[in-house]
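Data block below; observations after.
Values quoted throughout were computed directly from the atomic coordinates according to the rules given, and no laboratory measurement underlies them. No experiment lies behind these values; they were computed from the predicted model shown. Every residue, glycine as well, gets a Cβ built from its backbone with ideal geometry; the counts of neighbours run over all protein chains shown.
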Amino acid sequence: MIDPVESLKEFVRFPSVSTDSTREAGMKDARDYVGNLLKQVGFSVEEIPTPLHPIIIGRRDGDPSWPHVVIYGHYDVQPPDPLELWTNPPFEPGERNGRIYGRGAADNKGPLITHLAAVAQLLQEYPDPPLRLTFLIEGEEEIGSPSFVPFLKKHKDLFDADFVLLSDTGSPNESQIVVTTGLRGIVCLEIEATGPKSDLHSGVHGGAVLNPIQALAEICASLHDKDGRVNVPGFYDDVRPVQDWEREEIGKLGVSEAEYAGFLGIEQFYTEKGYTPFECVRFRPTLEFNGIGGGYQGEGSKTVIPSRAFAKISCRLVAEQNPARVQKALTDLLRERCPSGVSLTITPGHSGAPYLVVPPGKPNTPKNQPEALAAAFRAADEAIAEEFGKPPLYLREGGSVPIIADLKRITGLDSLMIGLFLPEDNLHAPDESFHLGVMKKGIAASKRILWQVASKGVTSARS
């Protein structure tokens, strides 16, 4: 039997920072550890090489007619910096106030251990359930999963499954769990405006040349209108409208706009006209400036006209928007709006498609939704209500997990996403933590969901 709390502590001790080449030993130790846990539960384990960090596959096979569930997680974590802001060292887990503190505790080692412990308990209580299971655990999620799509295309045979179960999304509090129905896609790029061949003395040459900072500011200011909408022709053409049932679910969050503003530390919201802040962050696409710079950045003044200025831009996309189409529309517009006094260089960044799944019984649920997926949603509704005391809310999330859309596009699999981390968990920040009460209830709920899928006579759609 796996002790979930002690297993999580041990898992957190491995500094599995995928972006840091000096942490390769921590990556290997984390892989070995989670692979050994899978073997303890009775899974066959394979480590599949990639150009960067290997993917761990744990399999429990069986009759092809049994439903087949893929459980996704990742063993890599964000860098722990700034180290001085941690209460305990980031890779020396601390337990206090009903939480485990450490880098990766919530993202994603805690949720992954939750599902692994649920499977261990299920197999101990019911040694031979009619259920096939595959754990898919990657090591590059925190760097954009560059090896994931080639892996999926090469190993499609592993995914003759019915749905994916994962917990890499959030919920508003420990008693109100969200089943995530949608994730925003993303398009990133950097623009650089170049004017004179070098920085110029602003007294000697000021008034004779277009300042690249001014040119860049004018371009950036043109990308939104006075109503907060993105001012890019065609940007909203494919946006899926918000459904009435989705607005009803938002209304059950139990958080006021004033409370949300207080949490963010702002005095007022800046939203697209006609939408609440809660609707904007879950249902609407955005264009944001993530960084901007040019000229002298040091203490005091240095009176120059800079040679170059840059801005980093990202767009969050919603269901049915196409990242390539949005990127082209934005790139074409940026070139069109570039003043003649500067040249513009546009460097594309990473991108990912949005994802949406509609639970059974809601408007626009696909008529051909797999039986096992529908059963899983119904089981999640019952299990979460029983274990957490409230039925789940079914909401889209504002963040992006591009591999979910990749899984759908390449394998055809939809995902059941159960939010197990909370706002207080400090993902990607110092003193990251995972709530042990959520873990305990999450284990019970995950076990019930899997047992319901196995025991209700569901036949795999892939058999």
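Using a simple spin-label model with points 7 Å from Cα along the Cα→Cβ vector, what separation in nm is obtained for THR194 and ASN368?
5.0 nm
Would you give the gap between the C-alpha center of the stretch 400-463 and the C-alpha center of the stretch 42-60, rounded to a whole Å?
19 Å
Once you list every other residue whose beta carbon is under 14 Å from the beta carbon of PRO402, what net charge do they have if Lys and Arg are +1 and Asp and Glu are -1?
-3
Residues in the stretch 398-437 near a label at LEU253, defined as backbone nitrogen under 11 Å from the 7 Å Cα→Cβ point?
Label zone hits: 398.
Relative to the longest principal axis of the chain, what angle (0 to 90°, nearest 10) does the C-alpha long axis of helix 212-221 take?
The two axes meet at around 50 degrees.
What is the packing order of peptides 216-222, 399-405, taking the mean over residues of other C-beta atoms within 10 Å and listing the highest first?
So the peptides 216-222, 399-405, ranked by packing, come out 399-405, 216-222.
Only counting other Cβ atoms within 10 Å, I'd like SER446, SER147 sorted with the fewest neighbours first.
SER147, SER446
Please give the net charge around ASP199, taking every other residue with its beta carbon less than 13 angstrom from that of ASP199, where Lys and Arg add +1 and Asp and Glu add -1.
That sum, taken over residues with Cβ under 13 Å, equals +3.
Please work out how much length the chain gains when fully extended from LEU85 to ALA261, using 0.36 nm per residue of separation minus the C-alpha to C-alpha distance, in nm with one decimal.
Numbers: separation 176, 0.36 × 176 = 63.36 nm, distance 2.45 nm.
Using 0.36 nm per residue and subtracting the Cα-Cα distance, I get 60.9 nm.
From the phi angles alone, apply the Karplus equation (6.51, -1.76, 1.60; θ = phi - 60°) to the stretch 182-189 and give each ³J(HN,Hα) in whole Hz, x where the residue is Gly or Pro.
x, 10, 6, x, 8, 9, 10, 7
With all pairs of different alpha carbon atoms counted, what Kirkwood hydrodynamic radius in Å does the chain show?
On the way: mean 1/r = 0.0419 Å⁻¹.
Hydrodynamic radius (Kirkwood, Cα only) of the chain equals 23.9 Å.
Could you tell me how far the Cα centroid of the stretch 226-286 sits from the Cα centroid of the stretch 304-366, in Å?
Cα centres, the stretch 304-366 to the stretch 226-286: 18 Å.
For the chain, take the longest principal axis of its alpha carbons; what is the angle in degrees between that and the long axis of helix 24-41, to the nearest 10 within 0 to 90?
Its long axis makes an angle of about 30 degrees.
Take the Cβ-Cβ distance between ASP225 and ASN173 as r, set R0 to 35 Å, and report the resulting FRET efficiency rounded to the nearest 0.05. Walk me through the intermediate numbers first.
Numbers: r = 36 Å, r/R0 = 1.02.
Efficiency, rounded to the nearest 0.05: 0.45.
In degrees, nearest 10, range 0 to 90: what is the angle between the Cα axis of helix 110-125 and the longest Cα principal axis of the chain?
Once rounded, one gets 10 degrees.
Could you order peptides 240-251, 321-332 by the average number of other Cβ atoms within 10 Å of their residues, highest first? It would help to have the intermediate numbers written out before the result.
Numbers: 240-251: 14.5, 321-332: 17.5.
Final packing ranking: 321-332, 240-251.
Would you mind telling me the antiparallel percentage of the DSSP bridges in the chain, rounded to 5?
So the antiparallel bridges in the chain amount to around 70 percent.
Work through the residues other than SER343 whose Cβ is under 11 Å from its Cβ and net out their charges, Lys, Arg +1 and Asp, Glu -1.
+1
If you take the beta carbon distance between GLU382 and GLU218 as r and set R0 to 56 Å, what does 1/(1 + (r/R0)^6) give as a FRET efficiency, to the nearest 0.05?
Once the sixth-power term is evaluated, E becomes 0.50.
Return the distance in nm (one decimal) between the two label points of a simple spin-label model at ARG337 and ASP32, each offset 7 Å from Cα along Cα→Cβ.
Each label point lies 7 Å from its Cα, and together they span 5.3 nm.
Suppose only helical runs count, i.e. DSSP H with n ≥ 4. What mean residue ellipticity at 222 nm does that imply for the chain under -39500 (n - 2.57) per run, divided by all residues and rounded to the nearest 500 deg cm²/dmol?
On the way: 13 runs with 150 residues, N = 463.
It comes out at -10000 deg cm²/dmol, rounded to the nearest 500.
Tally the DSSP beta bridges in the stretch 1-160 and give the antiparallel ones as a percent, rounded to 5.
Restricted to the stretch 1-160, the bridges split so that about 60 percent are antiparallel.
What's the long-distance tail for the stretch 285-374, i.e. % of Cα pairs beyond 21 Å?
55 percent
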